[in-house]
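Structure first, commentary second.
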Amino acid sequence: MEIVVDKGHLSMPGYHESLPLVHFSKMQSSRFNPATWPDNLVPVEPVPSPNKATGKIKLLHVHVVRLKDNSEISISINLSHSAADSITFMTFLNCWADEMCALVAGVSVAEVTYCFGADVIKQHLLSERAPLSDVVGLEHTVGGVGQEEKEIRNE
């Protein structure tokens, strides 16, 4: 999948809020049996697909569920892997949580900087590893690990 950013037609995230009549204690006492979960807790299918009405694919869906009597809140997030990998997503989610906690506490969050420079990464690779340029272009086969990766792992 290719992601194209068209500034005139941005793909805004899908966002949904719901207030089900399910109390957190009911879910907790059932050991979080899915039968006790509110309907549509997970907002979309695991694979992004075009919306039937618009034909567009949303790369991010968020569903905020406030359980009965504000007993708990659940945030369900579905992000297309073509937009970000799990490390990137979890880094974003943790930074967002830090920002929200700081906002509630009335304090500032320390600024975090990230380095994405391949030259810096190359400087810190261990010598017994394959060079980054050899690893970046690996192709995976449908049945699992590609031959090139098998050779690198066996070195």
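Any read-out appearing in this document is the output of simple, stated calculations on the displayed coordinates, not a laboratory observation. Everything numeric here is computed off the predicted structure, so don't read it as measured data. Virtual Cβ from ideal backbone geometry, glycine too; neighbours counted across all protein chains shown.
Put simply, when 27-40, 95-108 are sorted by average Cβ atoms within 10 angstrom per residue, most first, you get 27-40, 95-108.
Listed by chain and number, the lysines whose C-alpha is less than 28 Å from the C-alpha of LYS7, apart from same-chain residues fewer than 8 away, are LYS52, LYS56, LYS58.
Over all directions, the average projected area of the alpha-carbon convex hull for the range 1-83 comes to how many nm²?
For the range 1-83, the mean projected area of the Cα convex hull comes to 6.7 nm².
Farthest towards the positive end of the charge dipole of the range 84-130, among the residues THR88, ALA105, LEU125, is the Cα of LEU125, using unit charges on the Cβ of Lys, Arg, Asp and Glu. When each of the peptides 14-22, 59-67 is scored by how many other beta carbons lie within 10 Å of its residues on average, the order from highest to lowest is 59-67, 14-22.
Using C-alpha pairs under 8 Å with a sequence gap of at least 6, the mean separation divided by the residue count of the range 1-83 gives a relative contact order of 38 percent.
Mind checking the dipole of the range 84-130: about its Cα centre, +1 per Lys or Arg Cβ, -1 per Asp or Glu Cβ, Debye to the nearest 20? Using only the charged Cβ atoms, the result is roughly 120 debye.
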